[in-house]
Amino acid sequence: MLPYEILDARFRPYVLPNAPLQRLADGFAWLEGPVWFADHECLIFSDLPNDRLGCWSESGGVRIWRNPSGFTNGNTRDRQGRLISCRHRERCVTRTEWDGSITVLADRYESKRLNSPNDVVCRSDGSIWFTDPIYGISTDYEGGKQRPELPPSVYRLDPQSGALSCVVADAEGPNGLAFSPDESLLYVADSGAQFAADPQHQIRVFPVRDQGRRLGRGEFFHRITPGHADGFRVDEDGNLWCGAADGVQCIAPDGTKLGLIRVPHPVANLTFGGRHRSRLFICASHSLYSIYTNQRGAVRP
Ligand code: MG
């Protein structure tokens, strides 16, 4: 059986009929935060409940790269290639410097502690945007129970002043986020209230305003089903490749679900990588998967 399902003809050129879904590694607890380092030909990813970061490469397989990790969840790289991470345990966003030291970029907003930064992206102007739901401090599994001090929000870290501004204040569980290829839009997943019987799990789209300093009013974009809206990435054509309970769903910029790559476990997050940025690395529960596609991940302008 082919590992994908085509729901719209626009999806067909993106998949390769002879490319299998490969399981690269197994035996983790819950994987998140994949980020590709093309210069090192490796993938860094979070094994969140085990409080560690892993590193996978084609030649070396998997090794544990950082342990403990402060219960790191989302990861990305800034414009200088440095690793930016969301740490549940210390409720902060950090940057790993070139000498290996770790700098805390943000841990408070208006003197109150952040909740548990979940996922992070960098814009081409150097600003860092991250989501801050309470998921990481509401259980001992993903960082330890702590009292929230702020409502779930999305923040922007100014590249010059280092100041935080709140750019989305009406989300229940802001989670994955990504810019459109031209950075005129920001997509934000909302996984809803954690223990709700039927949590909302939608992706909203916000226009970027004021030279990238704030957002306009958000609109409904797509409801991920089955499963929750969590991590996703945008490709060169502006499609969203989204983690879902049944695999990786590809959603067109007009909100249409184009197709699905079936994965045996729920997918929390994914990223494009490999030599041509066309290989998907998929964090699926306790396993790391990969599949080659015929589409490339977007690069920042
Ligand atoms: Mg997430």
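Give ALA178, ALA245, ALA189 a once-over and let me know the one that is within 13 Å of the ligand (Cβ to nearest atom), touching a His at 6+ places or on another chain (Cβ under 8 Å) and in contact (Cβ under 8 Å) with a residue 12 or more places away in the chain. Break it down stepwise before answering.
On the way: ALA178 fails: touching a His at 6+ places or on another chain (Cβ under 8 Å); ALA245 fails: within 13 Å of the ligand (Cβ to nearest atom).
When all the criteria are applied, what remains is ALA189.
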Matching residues, the stretch 104-145, being under 16 Å from GLY192 (Cβ atoms) and of a type in the set (D, E, K, R): ASP119, ASP132
Top-ranked residue of the stretch 28-66 - restricted to ones that are under 28 Å from ARG123 (Cβ atoms) and among the aliphatic types (A, V, I, L, M), ranked as nearest to the ligand (Cβ to nearest atom): LEU48
Matching residues in the stretch 118-139 - criterion: being open to solvent by less than 50 Å² (accessible area, probe 1.4 Å) and away from the ligand (no atom under 15 Å from the Cβ): CYS122, ARG123, SER124, GLY126, SER127, ILE128
Residues (under 22 Å from GLY212 (Cβ atoms) and of a type in the set (Gly, Ala, Ser)) located in the stretch 86-132: ALA106, SER124, GLY126, SER127
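Restricting the stretch 211-240 to residues that are part of a loop (DSSP other than H, G, I, E, B) and within 16 Å of the ligand (Cβ to nearest atom), which is nearest to ARG277 (Cα to Cα)?
Taking the stretch 211-240 first, the residues part of a loop (DSSP other than H, G, I, E, B) are 213, 216-218, 224-231, 236-239.
The next check asks that each one be within 16 Å of the ligand (Cβ to nearest atom); those that pass are 224, 227-231.
Working: ILE224: 24, GLY227: 26, HIS228: 26, ALA229: 23, ASP230: 21, GLY231: 17 Å.
Residue satisfying both the conditions and the ranking: GLY231.
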Number of the exception - ASN115 against (1) open to solvent by less than 10 Å² (accessible area, probe 1.4 Å); (2) closer than 18 Å to GLY162 by Cα: (2)
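What about GLY27, is it in a loop (DSSP other than H, G, I, E, B) and buried (at least 18 other Cβ atoms within 10 Å of the Cβ)?
Values: in a loop (DSSP other than H, G, I, E, B): yes; buried (at least 18 other Cβ atoms within 10 Å of the Cβ): no.
No.
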Lone qualifier among GLU41, GLU32 - being open to solvent by 30 Å² or more (accessible area, probe 1.4 Å) and acidic (Asp, Glu): GLU41
Long-range neighbours under 8 Å by Cβ, at least six apart or interchain, first residue within 13 Å of the ligand (Cβ to nearest atom) within the stretch 67-82, second basic (Lys, Arg): PHE71/ARG87; PHE71/ARG89; THR72/ARG66; THR72/ARG87; ASN73/ARG87
Subset of the stretch 241-282 (residues that are outside any strand (DSSP E or B), open to solvent by 10 Å² or more (accessible area, probe 1.4 Å) and closer than 19 Å to ALA298 by Cβ): PRO253, ASP254, GLY255, THR256, GLY274, ARG275, HIS276, ARG277, SER278
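The values are calculated or read from the model by the stated rules, or taken from the named source; none is laboratory data. Keep in mind the model is a prediction, meaning the values are calculated, not measured. Glycine also receives a Cβ, built like all others from the backbone with ideal geometry; neighbour counts cover every protein chain displayed. For the accessible areas, the whole protein counts, side chains as well, though only heavy atoms, and no ligand, DNA or RNA atoms are used. Shrake-Rupley method; radii C 1.70, N 1.55, O 1.52, S 1.80 Å.
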